[in-house]
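Structure record follows, encoded as structure tokens.
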Amino acid sequence: MGRPAHLFVDISAHGFGHLAQVAPVLAALTARLPELRLTIRSGLPTDRLQSRIGADFTHLQASSDFGYVMHDAVSLDLAATAQAYRRQHADWDERVDGDARLLHGLQPDLVFSDVAYLPLAGAARAGIPAIALCSLNWAELFAYFFAREDWAATIQRQILDAYNGAESFLRVTPGMAMADLPRLRAIGPIAALGKDCRQALHAQIGCRSDERLVLIAFGGFDKQLPIDAWPAIPGVRWLVPQAWQVKHPAATAFEPLGRPVADLLRAADAVLGKPGYGTFAEAACNDTPLLYLRREDWPEQDFLIDWLQVHGRCREVSAADLLSGRLRPVLESVWSQAAPPTPQPSGADEAAAALLPWLTRVGESRPGG
């Protein structure tokens, strides 16, 4: 018997969408390789990772990317982001060397990143194959915001070199164009499918069977809404984050319910959030209507919105209506939409199939080598 294959996984803590993409892939992969050893590096809390990832793993509590510095869930701090990029790349070679030493010590058979580029550069330097996966990449977003800055060219080249040093970049549907990544491979949507717990959830909350539940989920960033001041909407119950300490009589904190987010989303009659991959893909694949507040100057959102308008039911909500709680008209509008065919989340199995050859030949020559 040979040793079990070892996969090093790097999951961005920039929101929860990266975890939402990776977790179904790991589930599909460990179903095929039950003995697979997982080492996960992420700035997300261990319990958050465990809530999505069913397999055992070793957690390295650290972030190898920062994505973008945010004022809140929908607005960027570009000045702070520029400073963070310049600081990260001021000693880029030393950072890459540090990751190469870490990976050399851990000896994984494959590095899998969503969507930090530092571990890809470190893996290349350590001679370890790597695969990236995401609906976006930091190189394309960096170019969108900073390409015209006189300090940006070297950083942009270093980011692209790191991504292009990977064996492939699995672009999840819906995703950005990524024209600068020649090793791009498009795969289907990735989404967790929730269990049908609607009746049990209504009983647990203590609401009537004809009441409609609206889940408020802004994907890992603070976006406190003045729900206490919202007018009541007859027949609507809000499921809200516990940290908001909402006192509205029609609001219930969802974390104490003890149910996975995907189950809550499937049971809900609508979800309210921002354009983000996890929320959009899971809403479509669980056939849950979605209301979204546009993000300020976030180029990925147009790809997500265009896709959801074809494959799901959705409506934009204005910031003014969101703050005032004037949501009844937009809820009635999205509930009146005809449901399109529900998309199938084939991307997790496709990604697992792409990773598998690197993990089933432990001790042999690597694929493509």
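The values are calculated or read from the model by the stated rules, or taken from the named source; none is laboratory data. Source: prediction; values computed, not measured. Neighbour counts run over all protein chains shown; Cβ positions are idealised from the backbone, glycine included.
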Legend entry - Residues being outside any strand (DSSP E or B) and not acidic (Asp, Glu) - total across the range 127-143: 11
Legend entry - Subset of the range 232-243 that is touching an Asp or Glu at 6+ places or on another chain (Cβ under 8 Å) and not in a helix (DSSP H, G or I) - its residue that is surrounded by the fewest Cβ atoms within 10 Å (Cβ to Cβ): 235
Inset, instruction - Only one of these is more than 19 Å from residue 120 (Cβ to Cβ), of a type in the set (Asp, Glu) and at pLDDT 95 or above: 56, 72, 77, 47. Name it. - result: 56
Inset, instruction - Take the residues in the range 211-220 that are out of contact with any His (no Cβ under 9 Å at 6 or more places or on another chain) and part of a loop (DSSP other than H, G, I, E, B), then tell me which one is surrounded by the fewest Cβ atoms within 10 Å (Cβ to Cβ). - result: 219
Legend entry - Subset of the range 244-286 (residues that are in a strand (DSSP E or B) and among the hydrophobic types (A, V, I, L, M, F, W, C)): 251, 253, 270, 271, 272
Inset, instruction - Collect the residues in the range 20-56 that are touching a strand residue (DSSP E or B) at 6+ places or on another chain (Cβ under 8 Å), assigned to a helix (DSSP H, G or I) and surrounded by fewer than 24 Cβ atoms within 10 Å (Cβ to Cβ), keeping them in residue-number order. - result: 30, 46, 49
Legend entry - Top-ranked residue in the range 180-191 [being in contact (Cβ under 8 Å) with a residue 40 or more places away in the chain and within 28 Å of residue 93 (Cβ to Cβ); ranked as surrounded by the most Cβ atoms within 10 Å (Cβ to Cβ)]: 181
Legend entry - Test set (1) surrounded by fewer than 16 Cβ atoms within 10 Å (Cβ to Cβ); (2) within 20 Å of residue 264 (Cβ to Cβ) - residue 229 fails condition number: (2)
Legend entry - Residues (surrounded by 22 or more Cβ atoms within 10 Å (Cβ to Cβ) and under 17 Å from residue 281 (Cα atoms)) located in the range 163-179: 170, 171, 172, 174, 175
Inset, instruction - Kindly indicate whether any position in the range 310-327 is within 19 Å of the chain's Cα centre (by Cα), basic (Lys, Arg) and either under 23 Å from residue 211 (Cα atoms) or not assigned by TED's automatic domain parsing to the domain that holds residue 132 (or both). - result: no
Legend entry - Qualifying positions in the range 31-59 - within 19 Å of residue 130 (Cβ to Cβ) and out of contact with any His (no Cβ under 6 Å at 6 or more places or on another chain): 33, 36, 38, 39, 41, 42, 57, 58
Inset, instruction - Go through the range 158-203 and count every residue that is hydroxyl-bearing (Ser, Thr, Tyr) and in a loop (DSSP other than H, G, I, E, B). - result: 1
Inset, instruction - Run residue 124 past the list (1) at pLDDT below 95; (2) part of a helix (DSSP H, G or I) and report the number of the one that doesn't hold. - result: (1)
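Every residue, every condition in (1) under 23 Å from residue 345 (Cα atoms); (2) touching a Pro at 6+ places or on another chain (Cβ under 9 Å); (3) of a type outside the set (Gly, Ala, Ser), yes or no:
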residue	(1), (2), (3)
14	yes, no, yes
27	yes, no, no
31	yes, no, no
37	no, yes, yes
44	no, no, yes
81	no, no, yes
85	no, no, yes
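Listed here are the residues, each with its yes/no results for (1) surrounded by 15 or more Cβ atoms within 10 Å (Cβ to Cβ); (2) farther than 27 Å from residue 139 by Cα; (3) among the charged types (D, E, K, R).
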| residue | (1), (2), (3) |
| --- | --- |
| 289 | yes, yes, no |
| 297 | no, no, yes |
| 310 | no, yes, no |
| 336 | no, yes, no |
| 360 | no, yes, no |
Legend entry - Test result for residue 278, in contact (Cβ under 8 Å) with a residue 24 or more places away in the chain, under 17 Å from the mean Cα position of the chain (by Cα) and in the same structural domain as residue 316 (by TED's automatic domain parsing): yes
Inset, instruction - Return the total of residues in the range 89-121 being among the aliphatic types (A, V, I, L, M), within 19 Å of residue 352 (Cβ to Cβ) and surrounded by fewer than 24 Cβ atoms within 10 Å (Cβ to Cβ). - result: 1
Inset, instruction - Among the residues of the range 321-341, count how many are assigned to a helix (DSSP H, G or I), of a type outside the set (Gly, Ala, Ser) and over 17 Å from residue 309 (Cα atoms). - result: 5
